[in-house]
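The values are calculated or read from the model by the stated rules, or taken from the named source; none is laboratory data. Note that the structure is predicted; figures quoted are calculated from it, not measured. Heads up: the accessible areas ignore ligands, DNA and RNA and are worked out on the full protein's heavy atoms, side chains in. Shrake-Rupley method; radii C 1.70, N 1.55, O 1.52, S 1.80 Å.
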Amino acid sequence: MSEKKNTGSYYTPSILSKFLVDHIFTKYIGQQDDLSILEPSCGDGEFVEVLGQHLINRKSTLDLVEIDPNELKKSYIKATKNKNVNSQYVNPLNFDFLDLDFKKKYSLIIGNPPYISKKYLSDEQIRKCKNICASNISGEVKNIWPTFLIKSIENLSDDGIMCFVLPSELLQVKYTSGLRKLILDSFERVEIFAFNELIFENAEQDVVAIIGIKKHTIQTEHGVSFYQVDRLDDLKIPNYTEMNFNVHREKLDKWTNYILSDQQLNVIDYISNKLKLQPISYYCQRAEVGIVTAANSYFIRKQSDLFHYNINDYIKPILQKSNIIHNTITISKESFDQLRDADRSVNLVCFDNKPKSQLSEGAKNFIQEGEDINLHERYKMKRRINWYHVPSIWSSEAIFCKRSHWFPRIFLNNADVLVTDSFYRVISKKEYNIRNLVFSFYNSLTLVRAELEGRFYGGGVLELIPTEFKALHIPYIDLITQDQYDELESLFNNGSTLDEILNFTDPLLLPDIENETIQELRNMRKALFNRRTKCKKNEVVESA
């Protein structure tokens, strides 16, 4: 897996490469000759092999770009293995695609560009990515694949076609919003194929296939069409379902929302407007990321690991991850003590921000062990005055889980524990009650908006970054009684299903919304959940 992270090499399944090439030639290219085709990262040649079959007896050029000479050789052999493919028209180019300055435009650019995170790129590659992406990507370069997309669009002919297999974050994250605009501006017709299963072997990388056609003669087919593929094998038929077109929206505008119709999305807007709902940020004094230790396994320990250091004065209670919190919406002192007594890693070692010489002998020994494994040489440690002093030590009234599976969760923090950056720390404004805010979060409208506002990854995990969390609309009610809160807590304690929980909260939080509309909200949330997790399961409150 580490090799894949370094090279970004997630090779395309042959079923998908065959479908995409056949689909493009059948629907858009036909018998056209004199094509100029580019595969900018051909790998071992999955696309190339199918392209070779369509180049038989055509006077068309095929340029193969690949940084790995061994993979390039495999691709060239696959492209030219049919004797009716003229090898003089196939040009192997052993270069980094970022380094090439193309002197011609291409009829078709197709492939599966590498997905290499910034931390695996050289300084020179980052510089090149920044130069190419400057006008279309907001903020810093996060991955290499947007550079391939932008450079490929720039090198298409006026009537060219582009086809790429890309990470699904193209559809949903803020930093790719410029890419989505570029796609809309560059192509008259766009087809996007999303998959209801993971298509890369041994990798939780969710992807989509995108085809962009710069000139399309059928006016009624202009715009973006989304298609859902349940199983990869369905493309052998081929069989896929056309979904909804929502890319024109100014609200709830992520392209992953194609699973819902415009009418459904308008219902969500209608309820928010009818109830005059405010975002969570309206009720919060603070809603910020938890503590970044930069070395959780060192700073956050079991009680048994710390006993012999005699550093109790430096230990503070902390929750590292949400998977140890089950069936509750309240972190009580009693429940936290149970975790500590069970010898879970819930103890943060938090030294004063002073020279090591002024700390206790036990603290010095603990710090020395960290230095023996070079923790003090880490980037984030070097930015601290004293590397062993963890900053931003403050607790909050409530905590929100940054990532979730079944549905997002927020907890009342009665134990006054600290949390890592797996959580957001929430403090309400003085005029609002934090208990009521926690209660008000659990309703059908907020949960469906969380699915729409957040982003998801190959493993089906839903993530809300701070701005997305704070943008969630909630039907905050000030008149929630302690008995009502206790009843909700009891439902969680008893492992009730989400529907059972919402049957209790929705009438209180969404009292003026018809039952049919409430049910529609729940159906929308379930559709989004099933799309995110790529399966259809009976929903239960997370208990594992």
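Couplings 3J(HN,Hα) for the range 467-472, derived from phi with the Karplus relation 6.51 cos²θ - 1.76 cosθ + 1.60 (θ = phi - 60°), are 5, 6, 4, 5, 7, 5 Hz, where x marks Gly and Pro. With Cα atoms defining each centre, the range 453-521 and the range 159-206 are spaced 31 Å apart in the structure. The alpha-carbon of LYS103 sits under 16 angstrom from the alpha-carbons of these lysines, leaving out residues fewer than 8 places away in its chain: LYS151. Evaluating 6.51 cos²θ - 1.76 cosθ + 1.60 at θ = phi - 60° for every residue in the range 487-498, the Karplus couplings come out as 5, 5, 4, 5, 4, 5, 4, 7, x, 5, 6, 4 Hz, glycine and proline recorded as x. Amide H contacts of TYR106 (H built 1.01 Å from N, in plane; Pro and chain starts excluded): LEU156, SER157 sit under 5 Å, all sequence-distant by 5 or more or on other chains.
The angle separating the long axis of helix 69-80 from the principal Cα axis of greatest extent in the chain is about 50 degrees.
Over the chain, DSSP H runs of length four or greater, each weighted -39,500 (n - 2.57), average out per residue to a 222 nm ellipticity of -10000 deg cm²/dmol. Among MET243, MET162, the sequence by solvent-accessible area, most first, with a 1.4 Å probe is MET243, MET162.
Coupling constants for the range 92-106 follow from the phi torsions by the Karplus curve (6.51 cos²θ - 1.76 cosθ + 1.60, θ = phi - 60°), and in residue order they are x, 10, 8, 9, 7, 3, 5, 8, 7, 10, 6, 9, 9, 9, 10 Hz; glycine and proline get x. Candidate cross-link partners of LYS356 among the aspartates and glutamates, defined by an alpha-carbon separation under 14 Å and a same-chain spacing of 8 or more, comprise GLU369, GLU371. Between amide H atoms placed 1.01 Å from N, distances below 5 Å from ASP63 occur with ILE37, LEU38, GLU39, ASN91, all of them 5 or more places distant or on a separate chain.
Sequence-distant contacts, meaning Cα pairs under 8 Å at least 6 residues apart, place the relative contact order of the chain at 11 percent.
Within the range 386-544, the proportion of Cα pairs with more than 25 Å between them is 31 percent. Each residue was assigned an accessible area with a 1.4 Å probe, and for LYS526 the value is about 60 Å². Of all DSSP-defined beta bridges confined to the chain, some 60% are antiparallel rather than parallel. When Rg and the Kirkwood Rh are both derived from Cα coordinates, the Rg/Rh ratio for the chain amounts to 1.02. Taking a threshold of 24 Å on the Cα-Cα distance, which of the pairs LYS380/LYS430; LYS78/LYS130; LYS59/LYS105; LYS104/LYS215; LYS174/LYS402 fall above it? In this structure, LYS380/LYS430; LYS78/LYS130 exceed 24 Å between Cα atoms. Taking only Cα atoms, what is the 0 to 90° angle, nearest 10, from helix 444-453's long axis to the longest principal axis of the chain? Roughly 50 degrees, rounded to the nearest 10. The largest accessible area among PHE504, PHE19, PHE95 belongs to the first residue in PHE95, PHE504, PHE19, and the rest follow in falling order (1.4 Å probe, all chains).
Under 17 Å Cα to Cα from LYS181, which aspartates and glutamates show up? Leave out anything in the same chain fewer than 8 places away. List returned: GLU154, GLU169, GLU191, GLU250, ASP253.
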